[in-house]
1. Restrict the search to the range 165-227; then list the trypsin sites (Lys or Arg not before Pro) that DSSP places in a loop and that have at most 16 other Cβ atoms within 10 Å of their Cβ.
2. 7 Å from Cα along Cα→Cβ at both T3 and N148: what's the point-to-point distance in nm?
3. Have a look at L363, G392, V404 and report the one farthest towards the positive end of the charge dipole of the range 351-421, computed about the Cα centre with Cβ charges (Lys/Arg +1, Asp/Glu -1).
4. Label-point separation (nm) for M40 and L221, each offset 7 Å from Cα along Cα-to-Cβ?
5. Using the Cα centre of the chain as the reference point, and only Cβ charges (+1 on K/R, -1 on D/E), how large is the resulting charge dipole? Debye, rounded to the nearest 20.
6. So between K207 and L108, what do we pick up on full extension, going 0.36 nm a residue minus the alpha carbon distance?
7. So how far apart, in nm, are the two label points at E379 and S262 if each is 7 Å from Cα heading toward Cβ?
8. Please identify every one of the GluC sites (Glu not before Pro) in the range 127-231 that sits in a loop by DSSP and has no more than 12 other beta carbons within 10 Å of its own beta carbon.
Amino acid sequence: METAIAFIIIFGSIVFFHEFGHFIFAKRAGIMVREFAIGMGPKIFGYTKGETLYTLRLLPIGGYVRMAGEDMDSVELQPGYRLGIHLNDLDEIDQILLNQNKQFPDMLFLEVERSNLTDQMFIEGYNEEEKLVRYKVARNAVINEKGNETIIAPADRQFGSKSVGQRSMTIFAGPLFNFILSFFIFLALGLFQGVPTYEPVITTVVKDSPAAQAGMQDGDLVTKIDGVSITTWDELSEKVKVSSNELMEFTVERDGQEVNLSMTPNEVVAGKEKVGQIGVQYSSPLEKNPAKAVVYGAEQTYEWTKRIFTILGTLITGNFSIDDLSGPVGIYKATEEVAQYGVYNLMHWAAILSINLGIMNLLPLPALDGGRLLFFLFEALRGKPIDKQKEGMVHFVGIMLLMVLMVVVTWNDIQRFFFNG
C-alpha cells in the first residue's frame, strides 16, 4: 500500500506539473482550455471552474490538457436544424439548446437558415412566426445538449488561431515544467538533506586493508597524494584506481594535524579491468547552505539530463535494447525498491523520473510534444501550416505505435518481475 501511494503521488505530481505547463501557457496565449485531466480513462471526479473542467481519471498513466480547436470540437448548425435559444440583456444568444424536449423560461425557437459560431458569431433563422431573424451570439455562449454544456470557442480563443510561437511555447511548456520540477526537488534535497561537499573524507577504513595497515583512520581528510593536492573524492578514487601495486604517499588532516601515510593499493578485478583499492569507504559529508542548494539543484538537473541523453544515444546506436526499457510496471517496481531507503531517495527518484518524462516528450516522434514541435518548425519554414488531416493522420499512427510499444514494454516488465523468479 505504501508503494502504491508513493507511486501515485510521484507519478501524479510529475504528470500534474507537465500538464500545468501546457495549461499556464495556453491561458497566457488566450487559448480556451476545455479540460485539465490527471490520469486517463473513465472520470472519477470532475469540477468545473470558469470555462475549464478539472478531472481526475482512473488510470494513473498520464494526463492531458484539452484545448479548444484541437479536437474539431466546434459545433456546426445545419440549415433546417430546430433549436432553442435564450437571450441575455443585450439580446445576444447566451444559451443554445439542442435536442431538448424540456422547455425553459424565456426560451425562443429557431429553425436555422445560416450560422457561424466561430468568426462572425451569429445565428440566422426562422422563428415561430416564420419570420427570418438574425441574432448575435455572445462570446461566452453555452451549447446545452441533453444536459451536457459546452462553451462556444470563438476563433481567436482556439489553439490553431495563435501564432507559431505561441503554439510552440504552449506545447514546449509541458516538458519545460518537468525540468523545473526536477530543479525544485533537487533544491529541496539540498535545503533539507544538505548538499554533498564531495570532500575526500574517509568514512570507514576496512579492517586489514592497505589503508588500515598504514594507519589511516575514520574521519581522515586526504589533502595530498604523492605530493599533489586533491580536493574531491573523485580525484582520490581515480589516482588509487590506476596505481595498483604501486607505493603511494598520502597526506591526511587529522584533528588539525598533518599526518603522512604510505600504502600500496591491492589489485582487484572490477568488471573487465583491474583497478587499485586501498580499502576505504566513502559517504560525502552534507552541508546545509541555501546558496549552494540552488547551485546543486541546477547542477543535478543538468547532470541527469546529460545521463539520460547518453542512454538514449545507446538506444540509437543499438547498444540498448527494448528489453532494457521500462513502463508503468517497471517504474512501480523501481519505486518499491527506492521507497525502502527513505523519503529523500524517493524525492531523488522523482526528480530523475521528471527529467525522463520531459526528455521523452521532446523526442521528435508523432503524438509526442516533440513531434508537434517538429510540425510547427515545418510551418515556420514553409510559411503556412501543414494540412490538418495529414498531420492528424501522422499523429494517429504515432499514437498507435506508441500504444503497441507500451504493451510490449509492459508485458516485458510483467514477465521480468512476476514470472522470472
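1. Answer in residue order: K207.
2. A separation of 3.9 nm, rounded to one decimal place.
3. G392
4. Taking the simple label geometry, M40 and L221 are separated by 5.3 nm.
5. 660
6. Values: separation 99, 0.36 × 99 = 35.64 nm, distance 9.23 nm.
Length gained between K207 and L108: 26.4 nm.
7. According to this spin-label approximation, the distance is 7.4 nm.
8. Qualifying residues, ordered by number: E128, E129, E130.
The numbers here are math on the coordinates, done by the rules we state, and not lab data. What you see is a predicted model; the values in this text were computed from it and never measured. Here Cβ is always computed from backbone atoms with ideal geometry, including for glycine, and neighbour counts include all displayed protein chains.
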